[in-house]
């Protein structure tokens, strides 16, 4: 089973600040997804990135896929308390079939 | 479009008892996943089905866990006998196929006492 790493593990910031969280692996991904999970709920898909170097924006969230397709980042601008949650990356590696998750970054945005 | 349905939502059992979880994926989704998520951690893949065949069950504790997907639609995950460390949320997800977006159910929260 291939491993996905995420950093930081925990992040606590004030409302209005910017932040970036990271997801990486030593293997190449065929595609990568970012999910957000709130307590008591299943993960909800935010975005899928497929092409190396790809950048996608979703309101205040910017997702980037590394050129080599081994890493990805999620940047949040002007964080709000509603952004609080567990941010998970998940991927299928280039020659794999199983879909695995990273350990997640737990974000807390304080008002 | 209906989402992934899971039941029960919550379950409390004593150690050494048996328990079963049920999942109904999104209609037409060939791939079905069961994940175990321990509090504070990311989901860990237990088993992945493609239609009614197993793609990956390398992290399924086969001495006590079993899963089946008869007819390639609904799936059940069973634990027999349960241990205290099995306390977790069990998530079911489905996707159209491998390498496509997965959609999750709300999960079953299992507490083993």
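Packing, as the average of other Cβ atoms within 10 Å across residues, places the peptides A:98-110, B:72-84 in the order A:98-110, B:72-84, highest first.
For the pair residue B:80 and residue B:66, label points projected 7 Å from Cα toward Cβ lie 0.5 nm apart. Shown for the protein assembly as shown is the translational diffusion coefficient from the Stokes-Einstein equation, using the Kirkwood radius over Cα pairs, a temperature of 10 °C and a viscosity of 1.306 mPa s: 89 µm²/s. Working from Cα pairs under 8 Å separated by at least six residues, relative contact order for chain B is 37 percent. Evaluated over the Cα positions of segment B:11-113, the convex hull gives a direction-averaged projected area, one quarter of its surface, of 6.0 nm². Here the convex hull built on the C-alpha positions of segment A:5-110 has a volume of 86 cubic angstrom per residue. At full extension, residue A:62 and residue A:27 could sit 10.3 nm farther apart than now, given 0.36 nm per residue minus the alpha carbon distance. A simple spin-label model places the labels of residue B:41 and residue B:9 2.6 nm from each other, with each point 7 Å out along Cα-to-Cβ. For segment B:61-76 and segment A:49-74, compute the distance between their C-alpha centroids and round to whole Å. For segment B:61-76 versus segment A:49-74, the Cα centre distance is 35 Å. The packing ranking of peptides B:87-97, B:46-56, highest mean first, is B:87-97, B:46-56, where packing means the average number of other beta carbon atoms within 10 angstrom of each residue.
The label point for residue A:45 and the one for residue A:10, both projected 7 Å from the Cα toward the Cβ, are 3.2 nm apart.
Laboratory data are not the source of any read-out in this text; all were calculated from the coordinates shown. These figures come from a predicted structure and were not determined experimentally. Here the Cβ is made from the backbone with ideal geometry for all residues, glycine too, and neighbour counts use every protein chain on show.
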